[in-house]
Amino acid sequence: MSTGLIFISLVLSVKQGEDEMEFEGRESKRIGSQNFVSYRLYDADDRVFDEGMALTLDISRTGIGIRSDHDMEVGLKVEVVVAVGDDLVKTVGHIRNVKAFDEGTRHVGIEFDFLTDDELDKLAQVYPEITH
């Protein structure tokens, strides 16, 4: 893989503010996508216990679907960094579903806890329909 980008998972600290979107449920249209994402999984004590890279399958303003060969449990907190064009979108969410994809891999549905307006704008540059 030679994309010219280095992906680094960062701990994201976001203050509650008016430029932040919070989501109650999955009401958004999913858009097919193929971007790289790095992730960190947290246990019940809020400690990172797994991290890796995956490929996105779909994305919406409220969440993302990824293809992973790692075991992931519904309900776990996950920090994600998505490569979108030349930008990175960093956010935190929770795993909402895990389904077998093909031999050894899974389709993992992640619901974002929040997205800032800036992060949504970055996604909209590549996926304009994400704001609808």
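No value in this document is a laboratory result; all are computed from the given coordinates. Because the structure is predicted, anything quoted here is derived from the model rather than measured. Cβ sites come from the backbone with ideal geometry, for glycine too, and all protein chains shown count toward neighbours.
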**Message:** When you check Lys99 against the structure, is it of a type outside the set (Gly, Ala, Ser), out of contact with any Ser or Thr (no Cβ under 8 Å at 6 or more places or on another chain) and under 13 Å from Tyr39 (Cα atoms), yes or no?
**Reply:** no
**Prompt:** Counting only residues that are in a helix (DSSP H, G or I) and either of a type outside the set (S, T, N, Q) or touching a helix residue (DSSP H, G or I) at 6+ places or on another chain (Cβ under 7 Å) (or both), how many does the range 89-126 have?
**Reply:** 9
**Asked** Which pairs do you get when a residue that is in contact (Cβ under 8 Å) with a residue 60 or more places away in the chain and in a strand (DSSP E or B), found in the range 58-77, comes within reach of a residue that is of a type in the set (Phe, Trp, Tyr) and surrounded by fewer than 20 Cβ atoms within 10 Å (Cβ to Cβ), reach meaning Cβ atoms under 7 angstrom, with the pair 6+ apart or on two chains?
**Response** Ile59/Tyr127
**Qualifying positions in the range 93-112 - out of contact with any Phe, Trp or Tyr (no Cβ under 7 Å at 6 or more places or on another chain), closer than 17 Å to Val82 by Cα and surrounded by 17 or more Cβ atoms within 10 Å (Cβ to Cβ)** = Ile95, Val108, Gly109, Ile110
**Asked** Does Glu129 qualify as being over 10 Å from the mean Cα position of the chain (by Cα) and in a loop (DSSP other than H, G, I, E, B)?
**Response** no
